[in-house]
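These notes concern the structure reproduced below.
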Amino acid sequence: MGSPARRIGHDAYEQIQPYVWDLLACPRDKSRLCRDGATLFCEQNHTYPIVEGVPILLVAEAEQTHIEGTRALQVAETRDASSLARFQVAPHEIDPFVKNSIGATNGGLYKHLVGNLTSYPIPRLRLPAGGNRLFLEVGCNWGRWCIAARRSGFRVVGIDPSLKAIRAANRVARQLGIEASYFVADSRYLPFREQVFDQVFSYSVLQHLSKPNARNSLVEIRRALKVGGNALVQMPNVFGIRCLYHQARRGFREGRDFEVRY
């Protein structure tokens, strides 16, 4: 059968905290994941590659909700990461991915920081102190909320369908001395066992999904939460002034692709 995923060595996979491997499950059938070299597999022989230390736990046969999920699957299929940009980030330098993506962060409110970013904009997490409890962020991108949660005392795990974003999240975490474990994964098919997280958090993510996909994501969040756990999911208010403005700009039509739904 191979070794349990938790026994993966630290040389190639030190980005994943050791205890997190015990939390993993096949995103398709939820059975335990084991390892054979740079591959994770379950008892039904569903396989998932580990590319440059990043497990890609997407469901290939599912329609992807973001183009970066499709791109991550292409890398997973070939296991060739040579097409991905390489960055050497100095200790006090802002990661190039964050520099480029900051304009799309927080609903575009950070656009003024494009080209002017001198430090990472880490928000304040409005939750009680973590107390070493387990925190999952759904749609973590470069990891700003995971950093906030770790600084608040949580043990943190983040998922995102973008391999580029997860690679950046790992770089930023190492740069800031943050212990965080990141996976390329889909909110509709969470790659975790039942009832393992104390807190699930998602900010401005599910609003980009269709109603069926958002419902499936919420079902998965509930499955991954411990009994008595909490979930905090931020989405826009359809009647908010700014939201009404954006709806009017697109003629009040339904959202499509990765547009915001209201």
Quiz prompt | Pairs with Cβ under 9 Å, 6+ apart, first in the range 205-225 and assigned by TED's automatic domain parsing to the domain that holds GLY158 and over 16 Å from CYS140 (Cβ atoms), second β-branched (Val, Ile, Thr) and surrounded by 15 or more Cβ atoms within 10 Å (Cβ to Cβ) | solution = SER210/THR65; ASN213/THR65; LEU218/VAL233; ARG222/VAL200; LEU225/VAL196; LEU225/VAL200
Exercise. Only one of these is surrounded by fewer than 12 Cβ atoms within 10 Å (Cβ to Cβ) and either touching a Pro at 6+ places or on another chain (Cβ under 6 Å) or aromatic (Phe, Trp, Tyr) (or both): PHE183, PHE201, PHE239. Name it.
Key: PHE239
Quiz item: Are there any pairs with C-beta distances below 8 angstrom linking a residue in the range 132-156 that is among the polar types (S, T, N, Q) to a residue that is in a strand (DSSP E or B), with the two at least 6 apart or on different chains, and if so which?
Solution: ASN132/ARG155; ASN141/ASP160
Self-check item: Matching entry among ALA165, ALA149, ALA169 (being more than 23 Å from ALA85 (Cβ to Cβ), crowded, with 22+ Cβ neighbours inside 10 Å, at pLDDT 90 or above and not aromatic (Phe, Trp, Tyr))
Solution: ALA149
Quiz item: For the range 124-234, list the helices (runs of 4 or more DSSP H) that sit wholly inside it and hold at least 1 residues that are in contact with a Gly (Cβ under 6 Å, 6 or more places away or on another chain); which are they?
Solution: 144-151, 163-176
Quiz item: Which pairs have Cβ atoms under 7 Å, sit 6 or more apart or on different chains, and link a residue in the range 162-183 that is in contact (Cβ under 8 Å) with a residue 12 or more places away in the chain to one that is of a type in the set (Val, Ile, Thr) and surrounded by fewer than 19 Cβ atoms within 10 Å (Cβ to Cβ)?
Solution: ARG171/VAL89; GLN175/VAL89
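Where residues in the range 27-66 are touching a Phe, Trp or Tyr at 6+ places or on another chain (Cβ under 8 Å) and without any contact (Cβ under 8 Å) to a residue 12 or more places away in the chain, which of them is surrounded by the most Cβ atoms within 10 Å (Cβ to Cβ)?
Among residues in the range 27-66 that are touching a Phe, Trp or Tyr at 6+ places or on another chain (Cβ under 8 Å) and without any contact (Cβ under 8 Å) to a residue 12 or more places away in the chain, the one surrounded by the most Cβ atoms within 10 Å (Cβ to Cβ) is THR39.
The values are calculated or read from the model by the stated rules, or taken from the named source; none is laboratory data. Here the structure is a predicted model, which is why all the values come from computation and not from measurement. Every residue, glycine as well, gets a Cβ built from its backbone with ideal geometry; the counts of neighbours run over all protein chains shown.
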